[in-house]
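Each remark here refers to the structure printed beneath this line.
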Number of protein chains: 2
Amino acid sequence: MIYLDNAATTFPKPESVYLAMDDVNRNHAFNAGRGSYRVAQEASALIDETKARILKLVHAGTSSRVVFTPSITIALNEIIQGVDLRDGDNIYLTPYEHNAVARVCELVSEKKKVNIIQMPVIDGSFEIDIEKTKYLFTQEKPKLVCCTHVSNVTGYILPTKELFEISKQYDAVTVLDTAQSLGIIDINANDIKADYIAFAGHKSLYGPLGVGGFIAAPKLTKLHITLAGGTGSDSLNLKMPESVPGRYEYASTNIVAIAGLNAALKEVNVEKNYVIEKELTKKTVEVLTKIPNVIVYAPSIEKHIGVISFNVKGYIAEDIGFMLDQDYEIAVRTGYHCAPFIHRILKDEKYIGTVRIGLSKYNNEHDIATLANALRKMIGET
Amino acid sequence: MIYLDNAATTFPKPESVYLAMDDVNRNHAFNAGRGSYRVAQEASALIDETKARILKLVHAGTSSRVVFTPSITIALNEIIQGVDLRDGDNIYLTPYEHNAVARVCELVSEKKKVNIIQMPVIDGSFEIDIEKTKYLFTQEKPKLVCCTHVSNVTGYILPTKELFEISKQYDAVTVLDTAQSLGIIDINANDIKADYIAFAGHKSLYGPLGVGGFIAAPKLTKLHITLAGGTGSDSLNLKMPESVPGRYEYASTNIVAIAGLNAALKEVNVEKNYVIEKELTKKTVEVLTKIPNVIVYAPSIEKHIGVISFNVKGYIAEDIGFMLDQDYEIAVRTGYHCAPFIHRILKDEKYIGTVRIGLSKYNNEHDIATLANALRKMIGET
């Protein structure tokens, strides 16, 4: 099988991830920080070590806080639902947001009279229109601005830095979704003006399923509580703790997944991953655009990495995916990819979404050539 | 090491759990139900198989629904925060509830004007007073009734069936927390009148960290949404799906943890586990009560399983735990065990909680004899 659905979850993981998880599962899967005994303290130490690696990866100082959650979706729920929003506040979203952001904002809007405003794209392109957004901000002041770093549909690298720069002129809370970028694009927490950087363990970091989280910038106002539970401390207190990260970390920690993430983080080489994925993205776009009847939804290459969406005229996306799987053992993802807004701009509804290639550092040009040959055969071009 | 903190998380797990997780991690860790390709469909099939095992375990028909969440804490948040509560509604809790229930109810009470009422215990005992509770219900009608099945502090088996029987006379929503009981005590979903049966994968089921969930009785009113996110389907819709379980299952499924749970469920033998834990609980209480200055907080043996709390006069609980760990390599848990209410009844505050023994099917009488000898030495009795 050629696996090209790495934007959903990367596969395979480094061997060290599998080994670390099996080892911790068999020998060290204790309830961290909840026991007075040594092996429970060792679990706590592993969590701290993993958090330090996350901070180092984004060049953050030790006054930033890392919160582990079972998934980036839960992290984004805790952030977005936790922000102190009032009736009349404006939430700005890019049209590239995933439902882990978009549906959460919708949920917030059912409880509070907030306005959800979509940022515009430049006419005739798929890129965020920063100038128009600036103007919108003057008309409707932003309170919360959410931006995905890399689109999980097109691989477009969003102008996060510029966007958060202008958002901070209004003291807006800024949230960066790095599900498709952390470990591939260098992120500097000191530079990017993101209050919250949400991350997924199992995607571009090559860690396991079961752990995600967020990095909170120093001295942030506390979020309102979205989820409550036992914290292994101050048990007689019915309120969640005031201190971060404890405030957002309830229930037994998944130390097995964290061990996998820790091993994955040891292997992350952002510079190298960037070059591999950039080159392969470029190559994939080149190869696909040469095939007749193939439409590629690609941003310009300097703003593009890791994910490539396309369609084939005359076929719905799902049919292409089905044939690639059945006849060529090539696994791609088809449909709307949990991204509710962008399809209006891509105009892919008649194909019922797109065929998506999600690359990993383990893919190579041969995989892409095999895919291209399969597509040519399918449409009778060879 | 003698591990006696199985009420926090069971350790070890059956060998088949480790093998299944490593196999799925290495070979089948794909994003279930989100791809049109076969290996993603295989992941979906594994989820369905595991859910069927859960239903079978509680003798539920296929019209019940199993929802997987990353932990029982999140399951309980989704249930309790999701119930349609109005101002003035009464939530009844037993004094044995864990903070995964108690703190969630507190959170609900910060958003809505609900009353949280604690059920009484029989004077001079640690047992729920059903007669007084019946009377309380006539005075303050219950809307939501939460009951832990087995106390995570004392191992007390609560009178769940009677309690839900009287709750249903008022059409109350009934929630059973089986973190310490599923797999050890036979639960019959047809009989117990629980609308929601919440379960933890990593405790009495001997599955891994990273998966829990709940069983919803057939034809229940939908819960309000607590957490939103991508569901891999109907992506253009900003609302969570109406259908269950999809409505409560967002984000990438942790197929590795589910594979471990599936393997664990294959090995569950409720009748056998019950006998092992019952006998060992009885033995532990017998042995501990013979040691001078040891106070055991034990219900009568027919209402007791798996967990035993005690203290030693003259020592705070934490010191006993520390000495057992350092000098004898015996791992117990000390403190309040995330159970906020029961300590007022146990009157253990001067010990700052209790020393807790959490048994598993892998413990034996030798473990308990070693513990007893250690305690005798510590207090200068041998």
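Please treat every number below as a calculation from the coordinates, not as lab data. No experiment lies behind these values; they were computed from the predicted model shown. Every residue, glycine among them, receives a Cβ derived from its backbone with ideal geometry; neighbour counts consider all protein chains shown.
How would the stretch A:223-340 be classified by its alpha-carbon gyration tensor: rounded, prolate or oblate, with rounded meaning a/c under 1.5 and the a/b versus b/c comparison settling the rest?
Taking the square roots of the gyration eigenvalues as a ≥ b ≥ c, the stretch A:223-340 is prolate.
Can you classify the protein assembly as shown as rounded, prolate or oblate using the Cα gyration tensor, where a ≥ b ≥ c are the square roots of its eigenvalues, rounded means a/c under 1.5, and otherwise it's prolate if a/b beats b/c and oblate if not? Prolate.
Here the relative contact order of the stretch A:15-267, from alpha carbon pairs under 8 Å that lie six or more residues apart, stands at 28 percent. Once C-alpha pairs closer than 8 Å and six or more residues apart are averaged by separation and normalised to the residue number of the stretch B:233-369, the relative contact order reads 22 percent.
For chain A, excluding the exposed loop sites themselves (trypsin sites (Lys or Arg not before Pro), DSSP loop, at most 15 other Cβ atoms within 10 Å), the longest remaining stretch covers A:114-218. By its C-alpha gyration tensor, with a ≥ b ≥ c as the square roots of the eigenvalues, how is chain B shaped: rounded for a/c under 1.5, else prolate for a/b larger than b/c, else oblate? Oblate, because a/c is 1.5 or more while a/b does not exceed b/c.
For the residue pairs B:LYS193/B:LYS272; B:LYS203/B:LYS377; B:LYS56/B:LYS203; A:LYS239/B:LYS112, the C-alpha atoms sit more than 22 angstrom apart in B:LYS193/B:LYS272; B:LYS203/B:LYS377. Between B:VAL270 and A:LYS266, the C-beta separation translates, for a Förster distance of 60 Å, into a calculated FRET efficiency of about 0.90. Between 0 and 90 degrees, the angle of helix B:130-139 with respect to the longest Cα principal axis of chain B falls at about 50 degrees. Annotation: amide H of B:VAL121 within the under-5 Å range of B:ASP129, sequence separation 5 or more or interchain, hydrogens built in the peptide plane. In order along the stretch B:212-220, the Karplus-derived 3J(HN,Hα) couplings, from 6.51 cos²θ - 1.76 cosθ + 1.60 at θ = phi - 60°, round to x, x, 8, 9, 9, 4, x, 6, 7 Hz, and Gly and Pro are given as x.
For the stretch B:312-322, the Karplus equation 6.51 cos²θ - 1.76 cosθ + 1.60, evaluated at θ = phi - 60°, returns couplings of 10, 4, x, 10, 7, 4, 4, 5, 5, x, 5 Hz by residue, with Gly and Pro reported as x. Here's how it looks for B:ILE330: its modeled amide H is under 5 Å from those of B:ILE2, B:ASP325, which are all 5 or more places away or on a different chain. A Förster radius of 25 Å, combined with the Cβ-Cβ distance separating A:ASP327 from B:ALA45, puts the computed FRET efficiency at roughly 0.70.
Placing pseudo-labels 7 Å out from each Cα toward the beta carbon at A:ASP129 and A:ILE301 gives an inter-label distance of 2.9 nm.
Of all DSSP-defined beta bridges confined to the protein assembly as shown, some 55% are antiparallel rather than parallel. Compared with the alpha-carbon gap, the fully stretched path from B:ARG344 to B:GLU140 is longer by 71.1 nm at 0.36 nm per residue.
Taken along the Cα-to-beta-carbon direction at a fixed 7 Å, the label points for A:GLU318 and A:GLU279 span 3.8 nm. Going 7 Å from the Cα of A:ASP23 toward and past its Cβ, which residues in the stretch A:259-291 have a backbone nitrogen under 16 Å from where you end up? Residues A:259-268 fall inside that zone.
Helix B:99-111 and the longest principal axis of the Cα set of chain B meet at an angle near 60°. Comparing mean-square fluctuations of B:THR231, B:THR354, B:THR253 from a GNM of chain B with C-alpha springs under 10 Å, the top value falls on B:THR231.
What FRET efficiency would be calculated for the residue pair B:LEU220, A:GLU110, taking the C-beta separation as r and a Förster radius of 25 Å, to the nearest 0.05? Don't skip to the answer; put the middle values down first.
Working: r = 21 Å, r/R0 = 0.83.
My answer for the efficiency is 0.75.
Scanning residues 5 or more positions from A:ALA32 or on other chains, those with amide H under 5 Å from its amide H are A:THR253, with H placed 1.01 Å from N in the peptide plane.
Site pair A:SER243 and A:TYR362 shows an inter-label distance of 4.0 nm when each label is modelled 7 Å from Cα along Cα→Cβ.
Working note: 222 nm ellipticity from helices only, DSSP H runs with n ≥ 4, each -39,500 (n - 2.57), summed and divided by the residues of the protein assembly as shown, gives -11500 deg cm²/dmol to the nearest 500. Couplings 3J(HN,Hα) for the stretch A:257-271, derived from phi with the Karplus relation 6.51 cos²θ - 1.76 cosθ + 1.60 (θ = phi - 60°), are 5, 5, 4, x, 5, 4, 5, 4, 5, 4, 9, 5, 10, 4, 4 Hz, where x marks Gly and Pro.
Of the beta bridges in chain A, as assigned by DSSP with both residues counted there, near 55 percent are antiparallel.
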